[in-house]
1. Return a yes/no flag: does region 105-123 have any residue that is of a type outside the set (D, E, K, R), open to solvent by 60 Å² or more (accessible area, probe 1.4 Å) and in a helix (DSSP H, G or I).
2. Please go through region 90-140 and pick out each residue that is in contact with a Ser or Thr (Cβ under 6 Å, 6 or more places away or on another chain) and touching a residue at least 24 places away in the same chain (Cβ under 8 Å).
3. Step by step: first the residues of region 141-169, then only those that are touching a residue at least 40 places away in the same chain (Cβ under 8 Å), out of contact with any Phe, Trp or Tyr (no Cβ under 6 Å at 6 or more places or on another chain) and not in a helix (DSSP H, G or I), then the one that is least open to solvent (accessible area, probe 1.4 Å). Which residue is that?
4. Would you check which residues across region 124-140 are open to solvent by 60 Å² or more (accessible area, probe 1.4 Å) and under 18 Å from residue 96 (Cβ atoms) and list them?
Amino acid sequence: MPVLTGATHAMTLLRALGAGEMEHPGGSLLEHVRRVGELLGDWGARPALRLAGLCHALYGTDGFPAALLPLARRPQLAAAIGAEAEGLVYFYASCDRKASYPALMDDPPLFRDRFSGRVFTPAARRLRDFAELTAANELDIARVSPEFRRQRGAELTALLTRLRPLLSEAAWAECRAVLP
């Protein structure tokens with residue numbers, strides 16, 4: 001599915017689900033997810049990852065529990081953005097951060113799905129995509145919210161430094177620029 005078509009469908013769905021009215025640091029949730037998708041594009045991310053960035057919060061996340069789309073409607077999102085991008089959205093949303101963040105760089109890396117409770121080792125590409133999306137999401141918030149940077153900057157710097165081997169050069173450069 002071409003990025004523009006998928007992005008158009010995603011934006012239509014996000015608007016219909018009320019993302020433009022949901023508050024989020026730096027404006028609305030719609031503004032945030034659009035910036036995340038654009039940032040991933042600036043980093044050279046492939047189309048599926050950019051679309052996942054645009055939709056990353058639809059199922060809620062461990063850090064942003066408001067779900068705009070229930071998991072039972074995953075096929076609707078897959079129809080809008082493609083199965084690969086939807087799979088990335090689910091994977092990102094499913095992260096149990098307390099259990100997964102410390103174990104992502106273990107050998108083997110471990111990931112806990114907060115929806116199912118399942119613990120598993122993700123494929124290398126999935127793990128790299130997760131790290132890029134995590135960086136884009138968190139760095140966007142850090143850019144627009146001085147309060148977030150003050151409260152969580154050190155924790156975020158530690159996380160992204162741990163994930164450094166999984167990040168693209170462009171993502172790492174943004175980490176250094178936003179979180180000196």
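1. Scanning region 105-123 turns up no residue that is of a type outside the set (D, E, K, R), open to solvent by 60 Å² or more (accessible area, probe 1.4 Å) and in a helix (DSSP H, G or I).
2. 93, 114, 115
3. 163
4. 126
The values are calculated or read from the model by the stated rules, or taken from the named source; none is laboratory data. Keep in mind it's a predicted model, so treat the numbers as computed, not measured. For neighbour counting, all protein chains shown are included, and Cβ atoms are generated from backbone atoms with ideal geometry for every residue, glycine included. SASA here: full protein model, heavy atoms, side chains in, ligands and nucleic acids out. Shrake-Rupley method; radii C 1.70, N 1.55, O 1.52, S 1.80 Å.
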